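Here is the structure we will look at, set down as structure tokens.
Where a number appears in this text, it was derived from the coordinates with a stated rule and is not lab data. These numbers come from a predicted model, not from an experiment. With ideal geometry, Cβ positions are generated from the backbone for all residues, glycine too; neighbour counts draw on all protein chains shown.
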Amino acid sequence: MESTSIAVSIVIPVYNEDESLPELYTWIDKVLKEWGKSGEIIFIDDGCTDDSWSIIADLSARDSRVIGIRFNRNYGKSAALQVGFQQAKGDIVITMDADLQDSPEEIPALYNLIKEEGFHLVSGWKKKRHDPLEKRLPSKFFNYVTSVVSGIKLHDFNCGLKAYQNRVVKSVEVYGERHRYIPLLAKWSGFKNIGEKEVEHHARKYGRTKFGFERYVTGFLDLLSVTFVTRFRKRPMHLFGTLGILSFLTGFMITLYLISEKLYNLYNLLPVRDVVDQPLFFLALVALVIGVQLFLAGFIGEMLVQSSPKTHEYLIAENTQEDA
């Protein structure tokens, strides 16, 4: 990684948070000045329909440390983080939400964990949450399942307050709704030194949450997708071929059993039942067909791997440092 004079890049996705932005900027500015480190503040307007962009543009005009990027429409938090990661020039990259629930006071401690203790990534843990019970319980279950599946021992995968080495954010690609699984993406990119820090969580001061219960449904689907992509992206035949073998062998063994049973009954003059009259025959037939289909899926996957990976581009309407 090239050397840079910027100590920390603070990446903040924004979606209709015009009430909180001035206060958030003032808070971050105060922390950076008291801390004495150089930094940049990157606001990504994710298709806001309120006055968020005008506030960001004004802040950028008054403070050279503020970078504003505006999407042409709403792409989602993952897209905003991906573009922010591409823009970030600091040694350490901090992500946080724009709703004032994440405290900028945590920035120096997160920075030190990366810089001094050598973590690749440090995730915040909102141990004491100021959210209703109906939001906390599904979140606990979601985090537990994600921890078990991923093998990463974190209490709060979805915490927006995280710190990364710059090379980590440059090495992962975040799209869809996969911002929850950046630790997993980082791990499978070789950045396995992942830490956790208990952070302060504030009650929402303005507006209301932009996420509903459906995020847990899509979250589990994304977990399956991320797990598959990270483990088998370069070797799809290992997954589909294994499943195909198991399915084909199951069908073959059932078929062999049915034929052997019929031959045995014929030889011993016992009542004989037609193979096609037995439900097991159709189960075997389905298993054989599925086995062949899984093999074909594996071969097609292997051919697709040979093609260039698809890049994910986002239409940016404005960039306050476009001419810099």
>> Between SER171 and GLU117, what is 0.36 nm times their sequence separation minus the Cα-Cα distance? Round to one decimal in nm.
In response: 17.4 nm
> Calculated FRET efficiency, ALA61 and MET303, Cβ-Cβ r, R0 30 Å, to nearest 0.05?
Replying inline: 0.05
> Can you flag which of LYS30/LYS192; LYS77/LYS205; LYS30/LYS153; LYS126/LYS187; LYS30/LYS77; LYS140/LYS205 are past 31 Å Cα-Cα?
Replying inline: LYS30/LYS192; LYS30/LYS153
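Shape call for the stretch 5-110 from the C-alpha gyration tensor, a ≥ b ≥ c root eigenvalues: rounded (a/c under 1.5), prolate (a/b greater than b/c) or oblate?
prolate
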> How high is the FRET efficiency between GLU23 and THR242 when r is their beta carbon distance and R₀ equals 45 Å, given to the nearest 0.05?
Replying inline: 0.25
> If each of TRP35 and ILE259 carries a label point 7 Å out from its Cα toward its Cβ, how far apart are those two points in nm?
Replying inline: 7.1
